[in-house]
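Q: Sending over a structure as structure tokens; questions will come in a sec.
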């Protein structure tokens with residue numbers, strides 16, 4: 001890898017671009033509407049390779065990713081390496097909760113999340129009592145030797161000696177070695193991601209965010225109970241959900257703040273999965289989902305960070321509730337353009353908005369349709385004072401024709417500076 | 001696609017649903033529905049597609065009979081097609 005250093009000539013456009021993002025967050029009108037580049041497997045289409053190659057070939061993915069940034073000249077980009085080059089790391093970890101191109105799905109298909117019951121309902125108490133132990137025994141089940149590990153809180157006094165004898169077992173040592181080997185691969189992946197940031201920075205382009213955060217409800221739902229089961233738990237095991245979220249809350253919050261501060265990048269992207277209008281009632285949203293995520297957001301703001309929530313799915317019935325945030329402190333990214341329009345109406349004086357172009361337009365439309373969609377969102381939001389950062393619903397859909405992406409970035413400049 | 005066709009032949013359903021909820025799959029839906037056409041089975045059942053980013057443009061693009069954005073919409077589509085009286 002060759003590391004590019006940012007020249008003084010590149011620093012100025014970098015600073016100008018970053019200031020546009022910061023102006024939007026602070027609810028000031030920047031000199032032009034920022035346009036953001038976020039993509040995952042669309043890069044395979046752009047680069048003319050398979051999704052599998054994108055997952056396994058660090059160098060090729062790096063070249064394609066940097067090329068995309070240089071062609072589209074966004075005001076900020078996501079780290080295009082992060083979610084596209086994980087194949088070797090996922091294999092090394094024996095990840096069973098997700099399938100990826102060439103590993104459970106076709107070479108040109110994207111990730112497939114597997115909604116399973118990874119934790120049984122009657123295991124909630126075990127998880128709540130000792131989430132770390134539960135994680136080691138259950139989530140890391142591919143590392144079979146860890147089943148022999150001692151109960152760490154008991155390892156004091158002479159137990160500090162006798163208790164570690166388990167580490168001499170061949171199966172424990174094998175699992176530890178395997179975990180260390182996996183970590184080496186993850187380190188390689190992380191180094192490439194850092195290299196991407198340096199490369200685009202050297203060319204004058206900032207990352208929109210570095211730190212990725214989940215949220216307490218989804219942490220319990222995604223990879224423990226599964227989305228289907230946690231919907232039943234909303235009726236059958238309410239207290240267990242609340243207790244589990246309370247347990248993971250502190251771990252998540254402190255780790256995210258530490259990671260964001262170490263990165264030197266203030267924006268923290270918070271993903272959302274199981275909150276959609278179709279998944280829970282407004283009352284359930286206000287009881288289970290919103291309080292912990294808002295608590296995180298406020299903690300991040302207090303730590304000098306900028307929460308950027310990606311509100312997936314349809315959030316029409318959530319709008320009044322999620323408007324309860326301090327003004328000029330956060331970014332809301334909506335998957336659906338109709339949600340952006342509504343958010344602009346009821347909280348445009350509080351939050352910066354991201355998104356604006358639906359996946360259906362990008363994938364099924366012609367370049368002129370994309371141009372019209374950009375013109376429309378500019379007129380309805382940006383031209384009316386909305387602090388909009390143009391993007392698609394969740395970045396560029398994988399199946400988008402390349403000419404439509406060119407149309408999107410071209411129209412952003414044509415209609416909004 | 002092969003699995004879809006095998007299962008359809010085995011179960012003879014009235015309705016086939018394709019979900020692109022967690023992962024966008026507009027092209028996969030289109031190709032799957034085209035495969036139904038090629039197999040000569042297109043008229044034997046209704047096809048609905050669903051997901052948070054599905055709209056009328058995607059329905060037309062894929063060639064599905066109808067779309068919905070949530071499970072309740074899917075139930076209502078089935079009730080309507082099968083003339084189920086609530």
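Q: With respect to residue A:70, determine if the residue is free of Cβ contacts under 8 Å to residues at least 12 places away in the same chain, farther than 23 Å from residue A:222 by Cβ and either surrounded by 18 or more Cβ atoms within 10 Å (Cβ to Cβ) or over 19 Å from the mean Cα position of the chain (by Cα) (or both).
A: Spelling it out, it is not the case that residue A:70 is free of Cβ contacts under 8 Å to residues at least 12 places away in the same chain, farther than 23 Å from residue A:222 by Cβ and either surrounded by 18 or more Cβ atoms within 10 Å (Cβ to Cβ) or over 19 Å from the mean Cα position of the chain (by Cα) (or both).
Q: While we're looking at this one, here's another question. If you go through segment A:318-328 one residue at a time, do you hit one that is at pLDDT 95 or above, under 20 Å from residue A:19 (Cα atoms) and surrounded by fewer than 24 Cβ atoms within 10 Å (Cβ to Cβ)?
A: The answer is yes; a qualifying residue exists.
Q: Okay, moving on. Select from segment B:14-67 the residues that are on the phi > 0 side of the Ramachandran plot and in contact (Cβ under 8 Å) with a residue 12 or more places away in the chain and write down the one among them that is surrounded by the fewest Cβ atoms within 10 Å (Cβ to Cβ).
A: Among them, the one singled out is B:63.
Q: Return yes when residue A:96 is more than 14 Å from every other protein chain (Cβ to nearest Cβ), closer than 29 Å to residue B:29 by Cα and under 20 Å from the mean Cα position of the chain (by Cα) and no when it is not.
A: yes
Rundown of residues vs (1) at pLDDT 95 or above; (2) more than 30 Å from residue A:399 (Cα to Cα); (3) surrounded by 14 or more Cβ atoms within 10 Å (Cβ to Cβ), yes/no style:
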position: A:138; (1), (2), (3): no, yes, yes
position: A:184; (1), (2), (3): yes, yes, no
position: A:195; (1), (2), (3): yes, no, yes
position: A:208; (1), (2), (3): yes, no, yes
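Q: Assess whether residue A:373 counts as being within 14 Å of chain B (Cβ to nearest Cβ) and crowded, with 19+ Cβ neighbours inside 10 Å.
A: yes
Q: For residues that are in contact with a helix residue (DSSP H, G or I) (Cβ under 6 Å, 6 or more places away or on another chain) and either modelled with pLDDT under 95 or surrounded by 24 or more Cβ atoms within 10 Å (Cβ to Cβ) (or both), tally how many sit in segment A:340-362.
A: Residues meeting the conditions: 9.
Q: Given (1) under 23 Å from residue A:233 (Cα atoms); (2) part of a helix (DSSP H, G or I), identify the lone condition not met by residue A:118.
A: (2)
Q: If a residue must be farther than 16 Å from residue A:86 by Cα, in contact with a helix residue (DSSP H, G or I) (Cβ under 7 Å, 6 or more places away or on another chain) and not in a loop (DSSP other than H, G, I, E, B), how many such residues does segment A:22-44 contain?
A: The total comes to 2.
Q: Need a quick list: helices (runs of 4 or more DSSP H) entirely within segment A:236-350 having at least 2 residues that are in contact with a strand residue (DSSP E or B) (Cβ under 6 Å, 6 or more places away or on another chain) and either without any contact (Cβ under 8 Å) to a residue 24 or more places away in the chain or farther than 27 Å from residue B:54 by Cβ (or both).
A: The qualifying helices (runs of 4 or more DSSP H) are A:238-263, A:290-302.
Results for (1) over 24 Å from residue A:333 (Cα atoms); (2) touching a strand residue (DSSP E or B) at 6+ places or on another chain (Cβ under 8 Å); (3) part of a helix (DSSP H, G or I), shown as yes or no for each residue.
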site: A:49; (1), (2), (3): yes, no, no
site: A:59; (1), (2), (3): yes, no, yes
site: A:62; (1), (2), (3): yes, no, yes
site: A:65; (1), (2), (3): no, no, yes
site: A:74; (1), (2), (3): no, yes, no
site: A:79; (1), (2), (3): no, yes, no
site: A:89; (1), (2), (3): yes, no, yes
site: A:95; (1), (2), (3): yes, no, no
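Q: Have a look at A:368, A:403, A:399 and point out the one that is surrounded by fewer than 24 Cβ atoms within 10 Å (Cβ to Cβ), within 11 Å of chain B (Cβ to nearest Cβ), touching a residue at least 24 places away in the same chain (Cβ under 8 Å) and out of contact with any strand residue (DSSP E or B) (no Cβ under 8 Å at 6 or more places or on another chain).
A: Exactly one of A:368, A:403, A:399 is surrounded by fewer than 24 Cβ atoms within 10 Å (Cβ to Cβ), within 11 Å of chain B (Cβ to nearest Cβ), touching a residue at least 24 places away in the same chain (Cβ under 8 Å) and out of contact with any strand residue (DSSP E or B) (no Cβ under 8 Å at 6 or more places or on another chain), namely A:399.
Q: With the structure loaded, tell me whether residue A:126 is away from chain B (no Cβ under 14 Å), surrounded by fewer than 15 Cβ atoms within 10 Å (Cβ to Cβ) and touching a helix residue (DSSP H, G or I) at 6+ places or on another chain (Cβ under 7 Å) or whether it fails that test.
A: Taking the combined requirement at face value, the residue does not satisfy it.
Q: If you don't mind, there's one more thing I want to ask. Within segment A:114-123, how many residues turn out to be free of Cβ contacts under 8 Å to residues at least 24 places away in the same chain and within 13 Å of another protein chain (Cβ to nearest Cβ)?
A: Residues that pass the stated criteria total 1.
Q: If only one of A:48, A:87, A:106 is modelled with pLDDT of 95 or more, over 18 Å from residue A:392 (Cα atoms) and more than 21 Å from the chain's Cα centre (by Cα), which one is it?
A: It is A:48.
Q: Based on this model, can you work out whether residue A:218 counts as touching a residue at least 40 places away in the same chain (Cβ under 8 Å) and under 30 Å from residue A:289 (Cα atoms)?
A: Answer is yes for this residue.
Q: Please work out which residue is modelled with the highest pLDDT, limiting yourself to segment A:393-417 and to residues that are assigned to a loop (DSSP other than H, G, I, E, B) and over 22 Å from the mean Cα position of the chain (by Cα).
A: A:401
Q: Answer yes or no: is there a residue in segment A:385-392 that is more than 11 Å from chain B (Cβ to nearest Cβ), over 21 Å from the mean Cα position of the chain (by Cα) and surrounded by fewer than 24 Cβ atoms within 10 Å (Cβ to Cβ).
A: Within segment A:385-392, one or more residues are more than 11 Å from chain B (Cβ to nearest Cβ), over 21 Å from the mean Cα position of the chain (by Cα) and surrounded by fewer than 24 Cβ atoms within 10 Å (Cβ to Cβ).
Q: Spot the failing condition for residue A:303; the list is (1) under 13 Å from residue A:213 (Cβ atoms); (2) surrounded by 17 or more Cβ atoms within 10 Å (Cβ to Cβ); (3) touching a helix residue (DSSP H, G or I) at 6+ places or on another chain (Cβ under 8 Å); (4) at pLDDT 95 or above, and only one is missed.
A: (2)
The values are calculated or read from the model by the stated rules, or taken from the named source; none is laboratory data. Because the structure is a prediction, the values reported are computed rather than measured. Don't worry about glycine lacking a Cβ; one is built from the backbone with ideal geometry, like all the others, and counts go over all protein chains shown.
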